[in-house]
Amino acid sequence: MAQEETKRVTKRREVEEQKALTLLDAVEQIAEQAQNSALSEAFFKKAAKPINYIVERLQISDKQAMMLALLANFYDEWNTLSELTEYLGCKRLHLLRYAPELEFLRKNQYIRIRASNNSAPAPFNGEAYRITRDALCAIQHNETFNCPTYSGLTITEFFDRLNDLTQQRKDEGLEYSLFAEEVFELINANSSLPFVGKLKSLNLPKEDMILLLWCCDMLVTEDDGVIIPHDIDTLYNGMRRLYRRQLSALREQQSLLFDRGLLQPVNNDGMGRHDAYELTSYVRNELLQGLGVEPKKKNDNKLLPSSSIVAKKLFYNPKEERSLMQLSSLLEPEQFDNICTRLEEKGLRRGFACLFYGAPGTGKTETVLQLARKTGRDLMQVNVSEIKSMWVGESEKNIKALFDRYRRLVKESERAPILFFNEADAIINKRNENAERAVDKMENSMQNIILQEIENLEGILIATTNLTKNMDKAFERRFLYKVEFEKPSLEAKQHIWQSMLPSLSATDAEILATKYDFSGGQIENIARKHSVEEILTGHSVELNRLIEFCNEERLDQPGHRRRIGF
């Protein structure tokens, strides 16, 4: 009887101990007893209670429980098998028996594996192991860890899971090949999602698909639609050859992501950057539909009322002034309608296409605005960089829609508005005769549409450009009026100086006009600096100070080296 009572007491004590035990307690006990144990039978007997506790709680084997506890003990660092054998005090070959357990823990996302570039055979080639953030968090809170499910997800859950993987790649060093493997498992388990269906229909190579999803995750979870080399480096960390290949393809615009209309260079005032990329409107509006991603704002071509344009006095050289006076006279409503009718009677085209060309800052854009104000014509402004989408076929649609809308406005308006292509260099340059890439073919197609639209134009189109040497001859023929804007003459510069700075004497204006061959835009910069300094100091600015401003504006003076940065 005494023996039976002793057994009952012992059993009751064991049950109570089990109830009091937590996953964190079990991990600590196993790790402590495992040190220098050589993983002997004696160790497994001694650590039986905490091991069994983990086995029952997580429904894994005793060997899996032991390896999980060991890696949880070193949660803040990566451990190679060689380092683990040193801790355990066992032979390296002995730990080979636990390779299946490690693979099970990896597949069920308890641990992560970081591969090495070492050429030695696995698993002693420098491969390192670490517990996952989610598994550690579950142990810390004494909760059962459930392997995240991949299938049957909503689009929001899909991107939540994708973000978990990208964060593990960034923060936990999830090995690239395993990251890619899990991403594709996520894709294949959710084929019913429209997003996944569209994604698969792109037929992208594995590496391009991973890069696209990396960019999509940045946009969806961080609202960061701009991808720079650092972001790509993070994705390919430890994969230098792949990083260089992908980055080179992006910089040279040879990537399939460009050809399929998924990625494009970031545009700054119509100029494409070669060090920053963004997802196209197709990805934002079609692929990521339903995720709350704001569509990239497109130019809605709203009319700028002529009445809202502020009057500004401009000064021209004699040749420019004659051309602009004739054009201004032509655009006066009664004159314009009369000329259009007469041209139509003669079987000639009714539309007028004009080109303003010349160096930056010579007043091309402001002249268009003042012509619109003077003749009472609203402006339909076109932002070329927004129209020129990299999605194959979309740019052509945008251009056609733009001209369709302009035709409607011409018919509906009492006075035909001016269709204004500002900084049109990107669309009137020479066409690529041997276009092979989809991007080049798209640009040629876009230019052909614009040429045809100008040919059939009923209304007024004005384009401005800084460059004319590379202009396609077909465009040159389409522009009836071509006005070159040269640097202002000495007399014009004097007038501009005094117009911008009314307090400037005629003598000082002559000195500045003679000494500095500035455009109107450059003189305006100096006038603004002058006004800022007057406001800050409360004193009028002397000529010597203006000359300092001029020298700062002129970067090409002898002995002046342009400084980089601040």
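Counted as qualifying within region 453-562 are the helices (runs of 4 or more DSSP H) with 3 or more residues that are of a type outside the set (S, T, N, Q) and under 30 Å from Ala401 (Cα atoms), namely 473-478. On the stretch given as region 501-542, residues that are aliphatic (A, V, I, L, M) and farther than 25 Å from Lys312 by Cβ total 1.
Counted as qualifying within region 170-263 are the helices (runs of 4 or more DSSP H) with 2 or more residues that are open to solvent by 10 Å² or more (accessible area, probe 1.4 Å) and of a type outside the set (A, V, I, L, M, F, W, C), namely 176-188, 194-201, 206-222, 229-235, 240-251. On the given criteria, is Gln3 modelled with pLDDT under 90, farther than 30 Å from Glu175 by Cα and polar (S, T, N, Q)? Yes, satisfied. The helices (runs of 4 or more DSSP H) falling completely within region 52-98 that include 1 or more residues that are closer than 14 Å to Ile111 by Cβ and touching a residue at least 24 places away in the same chain (Cβ under 8 Å) map to 62-73, 81-88. So in region 75-101, with the set limited to residues that are of a type in the set (Ser, Thr, Tyr), surrounded by 16 or more Cβ atoms within 10 Å (Cβ to Cβ) and in contact with a strand residue (DSSP E or B) (Cβ under 9 Å, 6 or more places away or on another chain), which one is modelled with the highest pLDDT? Within region 75-101, the match that is modelled with the highest pLDDT is Tyr87. Among what's in region 452-478 and is over 17 Å from Asn383 (Cα atoms) and either aromatic (Phe, Trp, Tyr) or within 31 Å of the chain's Cα centre (by Cα) (or both), pick the residue that is surrounded by the fewest Cβ atoms within 10 Å (Cβ to Cβ). Going through the qualifying residues, I end up with Asn470. If you go through region 500-517 and pick out every residue that is open to solvent by 60 Å² or more (accessible area, probe 1.4 Å), over 16 Å from Glu552 (Cα atoms) and either touching a Cys at 6+ places or on another chain (Cβ under 8 Å) or not aliphatic (A, V, I, L, M) (or both), you end up with 5.
Please go through region 102-143 and give me each residue that is modelled with pLDDT under 75 and of a type in the set (D, E, K, R), ordered by number. Correct list: Arg114 only.
Cβ-Cβ distances below 6 Å connect the following pairs, each with a first residue in region 372-387 that is surrounded by fewer than 21 Cβ atoms within 10 Å (Cβ to Cβ), a second residue that is modelled with pLDDT under 90 and β-branched (Val, Ile, Thr), and a separation of six or more residues or different chains: Arg373/Ile309; Val384/Ile427. Scanning region 518-544 for residues that are modelled with pLDDT of 80 or more and surrounded by fewer than 15 Cβ atoms within 10 Å (Cβ to Cβ) yields Arg528, Glu542, Leu543, Asn544.
The values are calculated or read from the model by the stated rules, or taken from the named source; none is laboratory data. This structure is a prediction, so every number in the text was calculated from the model and none was measured. As a convention, Cβ positions derive from the backbone with ideal geometry for all residues, glycine included, and neighbour counts pool all protein chains shown. Calculation scope for accessible area: heavy atoms of the full protein, side chains included, ligands and nucleic acids excluded. Shrake-Rupley method; radii C 1.70, N 1.55, O 1.52, S 1.80 Å.
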